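Below: the structure, in structure tokens.
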Amino acid sequence: MTSTLEILNQPQSPRMVVNIGPQHPATHGTFRIECVLEGERIVESRTEIGYLHRCFEKMSETHDYWGVIPYTDRLNYCSSMINGVGYCLTVEKLLGCTIPPRAQAIRVILSELSRIMDHLVCIGTNLVDLGAITNFWYAFRPREVIYDLLEACCGSRLTVSYVRIGGLQDDLPPGWVERCRKVIRKDVARALLDLEKLNTRNPIFKLRGQGVGVMARERAIAWGWTGPCARASGVDYDVRRDHPYHGYEQYEWQIPVEHGGDVFARYLVRMEEMRQSVRIIEQALDQLPDGPVIVDDRRIALPPKQEVYTNIEALMAHFKLIMHGILPPPGEVYGLVEGGNGELGFYIVSDGTRKPYRVKVRPPCFAVFQAFDEMLRGMLLADVVATLGSLNIIAGELDR
Amino acid sequence: MAGNQPIAITPLGQAPPSKGGATGNGMPMQWLTTRVDDFVNWARGNSLWPLTYGTACCGIEVMSVISSHYDLARFGAEVIRFSPRQADLLIVAGTVVDKLGPVLKTVYQQMPDPKWVVAMGACAASGGFYRAYHVMQGIDEIIPVDVYVPGCPPTPEGLIYGILELKKRIERGETRPQIATREWAARNAAREATREATREAVRESVRV
Amino acid sequence: MSDSEVKSGLEAAGEADEAAALPEPVTARLLKAELGTAVIGTSMAFGDLAIQIRREALVSAARQCRDHPELQYDYLMDVGAVDHLGRTPRFEMVYNLYSLRFRHRVRLHVQIPEEDPTVDSLIDLWSAADWFEREAWDLMGIRFRGHPRLVRILTHAEFVGHALRKDYHPAERHRLSRTYDLFTEDQAGAPPDGASSG
């Protein structure tokens, strides 16, 4: 506090206060950083968030269990499927229900496609902030094709609301599996190759990325970092491998871990994660089992429309479920998935009624971004932009 | 078309029809001024400089619109500016919360006239499905909006349609800033005429 | 909801729990050994271990969890607050710990009374507690002794009330008149009597 006062009181002070955000091209999302600069170096900074606090947790308390699903899409909106999977997985844990294997595999495929989209946004915008605008176009092109796939499944590109408690909204449309294979073999592979060629041995990117925004392993753990940012600092933790869900244990893939902890390491980790996601999707498509996509339990899932129109028991079950809602047992549960940025956890307290009593989201970016003030100290202003882009802070998840 | 009078289509090579009436004063000038207005409106509509105020999910769809697949640049909105001083179209893409309100207001006020606002998405238009303690129920609580684009998020085609609607209205001179400028000019013209008459009366009175 | 209907999840889960056949988790055993009566209860429900401890013993329990060689909970994953309106004590803090080495997880539950919604901050043990505790102050009104800068984080500086409390209406808004400087006005949104800073 005294440093800003000293600047304001002494106009000739060599220090200057600069406010970055919340409306700023380099802040991908609305957050604000106020820095005290000495020349180009940051002496002290304060970060403020909350510019997209949309009251997710309060909205969860006022809606049914399935009414929360659209709100979950808007958490990490770059990879919206994963949030829905995490939430539904937690509710299913509370209900003690196992979803059909086909639903699990489809959830995995769409989660990995979302993860690819998320990492493409991160790399594209990180590099465009460094001046490499070509990456932005190249990274966003395959996203359009993946959007087409998601739109074929559920009608929406970005905020999918495709999951349901107990499975999925609907099965894949015919021909989708082939289209998906084509997309990942052609468009995504091409984009990854292009990005690789443009950046991985690019001397300018290395100069701007290596040694910049370093986070040591112990500090990363102390700050609660998970996900690609932590893995770039040498923390070997991935929810998909260590606490597998939805059949991740049956696929063969690897977790990239780097030890540089800098912007360049995070880029490498994300690139490799995208390649591993492609591997997972290929295997899941090959092993995609047949069967229903939603659980058969009438206390959890609506009966198929055909039965509702022709069968009185199904009509009664439909009516009861809509009128009374899903009624999980009272209790508390924590469910977790590997989001685009790390461990995305949902802590749900149920009181036995149709609305959740409390939903607490453990957002991975929240833990990552709170370390930002510590990282900024002594950094050049230009490096702030590089570091911020590499952390992939999504305001929807940060502020909920 | 915009302007004060309708434009008659004149075949090439012929003089335009007279509009001045009995006095015939200023007829060619009126015709030329109206043409200039049209030209300026056409130019403004076709070279909108957007300030993408992307806050949330709609911001990602704006990025898609700007990218090569949907390409907003083909409608003239090539120059995306992040400084309000250099932009004339404010696309508010995403939820605006109460904490962000003063910032949005400041950004809007910093933009030079004429400026237009597109509220993209359900949240910017009316708060979306967030009837909550921190979410502004539409940005028109604090700034005037010209075009509302519905959707959550709107598809890129939807946003492009909204911007094209705005472009049409700009070219017709029907948007709020343009009407306001004309009314201001008209009020000012009346005030200036009154002042001139007063000055003339004073000069008359002191003429010996 | 009346008192009789709101049951702590731990009690409800404990009744359905048939953990007698399973060995007691290491964390529960060690914490009970170290803290004695400060451990009010443990439960294993839906595959999660939850341990309820007394408010005064939070820091020592957390330190034990972090430093004990058999526990090594190096991650403070989440800090959440729950409002059990109608129950005494009203609030509950939930600390989610994770061990990278042993890959085990535990939830520490601490009950907090309404008249004195204060608890010790864990920021000296894990830096991760920083913003999570600020959020608990902002949305639930729980104060953390020893937190260096306990101010609102998600809602704005002129917000009145604590939004996630059950007696706060979901759509009750407070307008913000201006932006606040983060250095000269860095206590905007702090607890009114500043009792938390230590």
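So the values come out like this:
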item	result
Of all DSSP beta bridges in chain C, antiparallel share, percent nearest 5	75
Farthest positive-ward along the protein assembly as shown dipole, Cα basis, beta-carbon charges - from A:213, B:45, C:82	B:45
Exposed-site-free run, longest, chain C (rule: GluC sites (Glu not before Pro); DSSP loop; at most 10 other C-beta within 10 Å)	C:19-114
Rounded to 5, percent antiparallel among DSSP beta bridges of the protein assembly as shown	75
Cα centroid separation - region A:214-254 against region C:137-198, whole Å	33
Estimated 222 nm signal from helices in the protein assembly as shown, with DSSP H stretches of n ≥ 4 weighted -39500 (n - 2.57), rounded to 500	-12500 deg cm²/dmol
Label-point gap, in nm, between residue A:313 and residue A:38 - each point 7 angstrom along Cα→Cβ	7.8
Per-selection Kirkwood Rh - region A:253-395 (Cα, Å, 1 d.p.)	19.7
Label-zone membership for region A:105-123, site residue A:305, 7 angstrom Cα→C-beta point, backbone N under 12 Å	none
Modelled FRET efficiency - R0 22 Å, residue A:217 with residue A:380, Cβ distances, 0.05 increments	0.40
Estimated inter-spin distance, residue C:60 and residue A:193, nm [label 7 Å along Cα→Cβ]	6.5
Sites residue B:189 and residue B:165 - FRET efficiency at Förster radius 25 Å, r taken between beta-carbons, to 0.05	0.20
Inter-label distance for residue A:16 and residue A:323, nm, one decimal - labels placed 7 Å from Cα along Cα-to-Cβ	6.9
Rg/Rh ratio calculated on Cα atoms of region A:248-327 (Kirkwood radius)	1.31
Hull shadow area, averaged, the protein assembly as shown [alpha-carbon convex hull, nm²]	46.7
Antiparallel DSSP beta bridges within region B:45-172, as percent of all bridges there, nearest 5	5
Cα Rg, Dmax, region C:9-145, angstrom units	14.4, 42
Trypsin sites (Lys or Arg not before Pro) within region A:196-225: DSSP coil, no more than 13 neighbouring Cβ in 10 Å	A:201
Segment residue C:29-residue C:118, length gained on full extension (0.36 nm per residue, minus Cα span)	29.3 nm
Length added when fully stretched, residue B:43-residue B:181, from 0.36 nm per residue minus Cα-Cα	48.0 nm
Given A:58/B:105; A:58/A:320; B:115/B:167; A:93/A:360; B:105/C:166, the pairs whose alpha carbons are separated by over 23 Å	A:58/B:105; A:58/A:320; B:105/C:166
Cβ-based charge dipole, chain C, positive-most Cα from C:37, C:184, C:147	C:184
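We did not get these values from a lab; they are worked out from the coordinates using the rules stated. A quick note: this is a predicted structure, and the numbers were derived from the prediction, not measured. Using ideal geometry, Cβ is built from the backbone for each residue, glycine included, and neighbour counts are taken over all protein chains shown.
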